[in-house]
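Shown next, in structure tokens, is the structure this report addresses.
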Amino acid sequence: MTKQNLRIVYMGTPDFAVASLRALVEGGYNVVAVVTMPDKPMGRHQTELSQSAVKQYAVSQSLPVLQPEKLKSPDFLEQLRALRADLQIVVAFRMLPEAVWSMPRLGTFNLHASLLPQYRGAAPINWAVIHGETETGVTTFFLDREIDTGKVIHRATVPILSTDNAGSVHDKLKKRGAELVLQTVDDIIADNVSPISQSELATDAPIRHAPKIFKEDCRIDRNKNVKQAFDFIRGLSPYPAAWTELVDEKGRRSVLKIYAASQEQTHVSEPVGQVVCDGKSSFKIAFSDGYLHMETLQLAGKKRMNVIDFLRGFHPEGVLRIE
């Protein structure tokens, strides 16, 4: 079998999944259809429909697109079966029922944005950066009944630099992931895969998970040390963004989102959580072992801006703290 006659159904939704689909199309692989999320209503009156990034690319390449509301729908299963796929590839999509992932004769593999078994879950990139990891990666594995637990086909590592945030790591993994998808397909075609149980890949390090992130999860804990706070901000930037509440001497509160900061590990004389500001270019928060210097931030109801522009219009009364 060659890549031209291997029938592939591709499943994905966000921008992260476009890179792998593009690599398949541009590489001459036989993608017979794309499955993605239904269009979402948007706009003030919810009358406009927003297409997923994967659908936009698929349409631009004249690929057939399926958008099932329910993956167990008999109509969808019939459509999928009619495609006679040899292989299904899943990148950043929904959890598939067994009736879907077990359909192709060569199985269904997923590209996950971590080095499994570490960081199983919905937000592996964010949590790897939040936990201060210096390395992450991508994994291809065959789907089975439990989410993110199937046998591993390939893994590839990617460094996390101190200058990275979740956005830049996302872009690195997107590129490396596309390469790994092609490698995995080629090895499946050549019957050259020996999937390994994730239990065999586990080390003595504790398994970290990557659950979905909600708004309250993004609140900065001033009782963490300054590096932990720094990594927390990086891990949530540019989306959904770390936040805190600024409180003035009269108890008035305002929500502050922080997109970029730098850390200074030093002796601190101010109470933990106190804001130290010169009104011109420096806006920093005291932690137990140093300061977090603001670089890019946004007050509720205002634009996102760098610290110098922010301070031009920010004139607090008295001492500020974060809570």
Relative contact order of the stretch 59-117, defined on C-alpha pairs under 8 angstrom at six or more residues apart (%): 31
field: the stretch 215-322 - charge dipole about Cα centre, Lys and Arg +1 at Cβ, Asp and Glu -1, debye rounded to 20
entry: 360
task: Order these peptides, 244-253, 13-22, by their mean beta-carbon neighbour count within 10 angstrom, highest first.
output: 13-22, 244-253
- prompt: Got a sec? Charge dipole of the stretch 1-115, +1 on Cβ for Lys and Arg, -1 for Asp and Glu; which of Ala53, Leu115, Leu71 is way out at the positive end?
  reply: Leu115
- prompt: Where both partners of a DSSP beta bridge lie in the chain, what percent of those bridges are antiparallel, to the nearest 5?
  reply: 70
- prompt: Which of Trp243, Thr203, Met305 sits farthest toward the positive end of the charge dipole of the chain, with +1 on the Cβ of Lys and Arg and -1 on the Cβ of Asp and Glu?
  reply: Met305
- prompt: Using mean Cβ contacts within 10 Å as the protection proxy, how do 51-63, 125-137, 187-199 order, highest first?
  reply: 125-137, 51-63, 187-199
- prompt: How much mean residue ellipticity at 222 nm does the chain get from its helices, if each DSSP H run of length 4 or more adds -39500 (n - 2.57) and you divide by all residues, to the nearest 500 deg cm²/dmol?
  reply: -7500 deg cm²/dmol
- request: Label the stretch 215-322 by shape, choosing from rounded, prolate and oblate, from the square roots a ≥ b ≥ c of the eigenvalues of the Cα gyration tensor; if a/c is under 1.5 it is rounded, and otherwise prolate applies when a/b is larger than b/c, oblate when it is not.
  value: rounded
query: Charges only on Cβ, +1 for Lys and Arg, -1 for Asp and Glu: so what's the dipole of the chain about the Cα centre, in debye to the nearest 20?
result: 720
query: Once you put a point 7 Å from the Cα of Asn5 and another 7 Å from the Cα of Thr134, both along the Cβ direction, what distance in nm separates them?
result: 5.0
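Coordinate-derived values only; no laboratory data. Just so we're clear, the structure is a prediction, and the values are computed from it rather than from any experiment. Here the Cβ is made from the backbone with ideal geometry for all residues, glycine too, and neighbour counts use every protein chain on show.
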